[in-house]
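Rule-based calculations on the coordinates, nothing more; no lab input. Just so it is clear, the model here is predicted, and its values are computed rather than measured. Methodologically, a virtual Cβ is constructed for each residue, glycine included, from the backbone with ideal geometry; neighbour enumeration extends over all protein chains shown.
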Amino acid sequence: MTEPTNVPADPAPDPASTSRRCPCGSGDVYGGCCARFHGRYAADGTLAAPTAEALMRSRYAAFALAATGELAEAEAYLLATWAPETRPAQLALDGPADESGDQVRWLRLDVESTAGGGPFDDDGSVTFTAHFRTPAGRHTQHETSRFVRRSGTWLYRDGDAS
Ligand SMILES: [Zn+2]
């Protein structure tokens, strides 16, 4: 039997590949969902999410991919999509597991309702439950996030955990 030639080595695992399901839970593949907004921002700084919900999902996906070390631009994207008046100076994102063992894994996002936040609105809110896991167990975060649209760009402003 002849060994085939030019067979590429097993590719490194690439869970952020555009063909897997988007971490935002939309049911679409990442490439057809939040990767469009992450990629556009990485390419030229454009924030392209057309609705508050799309922005919310892309921010959740950025958190999820930051936690697994798969989106280099995650922190920059999260800060860029934050309204200047409430934006923190920097984020302390949880990276991949390290010796500290305090890794967060974002498991699922359930968007429960939205108000406003459409192409013809200037503000809106999204109520959601985010499911995540830490070494201590599984947790949920229920929150209503508020968004504003300025110069056609949706930005996260603040939120109420409940
Ligand atoms: Zn998505």
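Could I have the simple spin-label model distance between Gln103 and Gln90, label points 7 Å from Cα toward Cβ, reported in nm to one decimal?
2.3 nm
In Å and whole numbers, how far do the C-alpha atoms of the stretch 14-59 stretch along each principal axis, longest first?
Principal-axis extents of the Cα atoms in the stretch 14-59, largest first: 24, 22, 13 Å.
Once you have all Cα-Cα distances for the stretch 53-144, histogram them in 5 Å bins from zero and send the whole-percent values.
Here the calculated profile for the stretch 53-144 is 3, 13, 20, 22, 22, 13, 5, 2, 1, 0.
So, in nm, how far is label Asp28 from label Phe120 when the simple model puts each one 7 Å beyond its Cα toward the Cβ?
The answer from the label model is 2.2 nm.
Can you give the FRET efficiency for Arg133 and Asp44, using 1/(1 + (r/R0)^6), R0 = 25 Å, r = Cβ-Cβ distance, to the nearest 0.05? Walk me through the numbers before you get to the answer.
Numbers: r = 35 Å, r/R0 = 1.39.
With R0 = 25 Å, the Cβ-Cβ based efficiency is 0.10.
For Asp160 and Ser17 in one chain, what is 0.36 nm times their gap in residues minus the Cα-Cα distance, to one decimal in nm? Please report the intermediate quantities before stating the final value.
Working: separation 143, 0.36 × 143 = 51.48 nm, distance 3.26 nm.
Computed gain between Asp160 and Ser17 is 48.2 nm.
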